Amino acid sequence: MSRTGGTPRAATAKEPVAVVGIGQTRHVAARRDVSMAGLVREAAHRALRDAELAWQDIDAVVIGKAPDFFEGVMMPELYLADALGAVGKPLLRVHTAGSVGGSTALVAADLVAARVHRTVLTLAFEKQSESNAMWGLSLPVPFQQPLLAGAGGFFAPHVRAYIRRTGAPATIGSLVAYKDRRNALKNPYAHLHEHDITLEKVQASPMLWDPVRYSETCPSSDGACAMVLTDRAGARRAPRPAAWVHGGAMRSEPTLFAGKDFVSPQAGKDCAAAVYRQAGITDPRREIDAVEMYVPFSWYEPMWLENLGFAAPGEGWKLTESGATELDGDLPVNPSGGVLSANPIGASGMIRFAEAALQVRGEAGERQVPGARRALGHAYGGGSQFFSMWVVGGEPPTG
């Protein structure tokens, strides 16, 4: 190892990380035609085909999913090694609740950046049809008060707090849902394709968890997403332009603590600040061209716009209302249709990361943001406590 002033050269700079392969399954309510192994292998095959690589070209596999009790199969990564070509290779499992898809991609990226492995397959999935996530998240007494059902029951009070804090009009949630469901019509992988969607239909849908309506919440989906990450040399051999990781970070905080702000968690702010710092971004509103944001309930778009620094406190809903976050706006949010249109929980964060990469590769099809150079992928999980994000660009990082 060469040394300069006594410092190992490899310690002075990270290896640039490139996304050269992306694969998704079609996300649906129930994939009864495949097992878990079949589901993950389908996404992995598509990512390898996109990168024009074979199983033997992969040095390690990093897999993630939501809690095992969602399907009742404990430590499924052990039996999925065969399906993912990981026999005899390092295989790591990641779990950070709903943000796990993003965290899984970041662990894989770090392995390449640290030069532990040159080419890594990363994959996340969920097969919700084999269980019931809503009731799985409704813990019995004495672990939780019997006051809510599912994630929506947990997050609805935080949405109400946002509305009270900002004075946002009651129509904002329906505007987000209407936008994302229309965007989903341009995404062949999205679960929900509601061709007859109208704003009036969203606003007339039943109230599930006040103020969250049925059409303002995410579906329950089966699906998987995979990416192939590699180093600079691997990117040079890739058959098409790569998406380059300009910055990535994870942050977490406890579910409950004195002074916790459920509307705009500190961990989310810290995570965004770390990613922007790595990417050299000082004005995310102007320097990021597309955002794939984890929005399982429509009101979280304006909430996260503020948390991530795209809008000042209390101003996120105005950005949504202005149309800026539409596909043809100046800050498109969730061109893919987002989590509101497909939610295989364990994979939802990775889908955000992968869709951001597709944007800067110019390969997002009908949902492409013209001229997208930099895009943000965002995921959160637990009780608004786990966050993972990355910024990707069409050119290698300069730092």
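The values are calculated or read from the model by the stated rules, or taken from the named source; none is laboratory data. Since the structure is predicted, the reported quantities are computational estimates derived from the model, not experimental observations. Please note: Cβ atoms are built from the backbone with ideal geometry, for glycine as well, and neighbour counts cover all protein chains shown. Note: areas computed on protein heavy atoms with side chains; ligands, DNA, RNA excluded. Shrake-Rupley method; radii C 1.70, N 1.55, O 1.52, S 1.80 Å.
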Each label sits 7 Å from Cα toward the beta-carbon; between Asp68 and Ala170 the label points are separated, in nm, by 4.6
Computed over the chain: longest principal axis from alpha-carbon atoms vs helix 266-279 long axis, angle to nearest 10 degrees, is 40
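For the range 326-399, just say rounded, prolate or oblate: build the C-alpha gyration tensor, square-root its eigenvalues into a ≥ b ≥ c, call rounded for a/c under 1.5, and beyond that prolate if a/b exceeds b/c, oblate if not.
Judged from the Cα gyration tensor, the range 326-399 comes out oblate (a/c at least 1.5, b/c at or above a/b).
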For Ile58, the accessible surface traced by a 1.4 Å probe with all protein chains present amounts, in square angstrom to the nearest 10, to 10
Tilt, helix 345-361 to longest principal axis of the chain (alpha-carbon atoms), in degrees rounded to tens, equals 70
Subtracting the Cα-Cα distance of Tyr79 and Arg49 from 0.36 nm times their residue separation yields 8.5 nm
In degrees, nearest 10, the alpha-carbon axis of helix 100-113 is tilted away from the dominant principal axis of the alpha carbons of the chain by 20
Per-residue ellipticity at 222 nm attributable to helices in the chain (runs of n ≥ 4 DSSP H, -39500 (n - 2.57) apiece, nearest 500 deg cm²/dmol) works out to -9500 deg cm²/dmol
Largest-first ranking of Tyr178, Tyr294 by accessible area, probe 1.4 Å, whole protein assembly kept, is Tyr178, Tyr294
Note on the chain, DSSP bridge orientation, antiparallel percent to nearest 5 equals 70
Highest GNM mean-square fluctuation among Asp222, Asp283, Asp231, for the chain with Cα springs under 10 Å, belongs to Asp283
SASA check, Lys318, accessible area w/ 1.4 Å probe, all protein chains in place, rounded to nearest 10 Å², comes out at 90
Using alpha-carbon positions, the gyration tensor of the range 181-318 gives root eigenvalues a ≥ b ≥ c; with a/c under 1.5 called rounded, otherwise prolate if a/b exceeds b/c, else oblate, the class is oblate
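For the range 46-115, with only Lys/Arg (+1) and Asp/Glu (-1) charged at the beta-carbon, what is the dipole magnitude about the Cα centre, in debye rounded to 20?
80
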The answer for the chain, accessible area per residue at 1.4 Å probe in Å², is 40
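Rank by packing, highest mean first: peptides 121-130, 388-397, 257-266, with packing defined as the count of other Cβ atoms within 10 Å averaged across residues. Don't skip to the answer; put the middle values down first.
On the way: 121-130: 26.8, 388-397: 23.9, 257-266: 14.0.
Ranking, from highest mean packing down: 121-130, 388-397, 257-266.
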For the range 167-295, the count of lysine pairs 8 or more apart or interchain whose alpha-carbon atoms are under 26 Å apart comes to 4
With the 8 Å Cα cutoff and a minimum separation of six or more residues, the chain has a relative contact order in percent of 25
FRET efficiency for Val116 and Tyr214 from the Cβ-Cβ distance with R0 = 51 Å, rounded to 0.05, comes out at 0.65
The relative contact order of the range 22-115, taking Cα pairs under 8 Å that sit 6 or more residues apart, comes to a percentage of 29
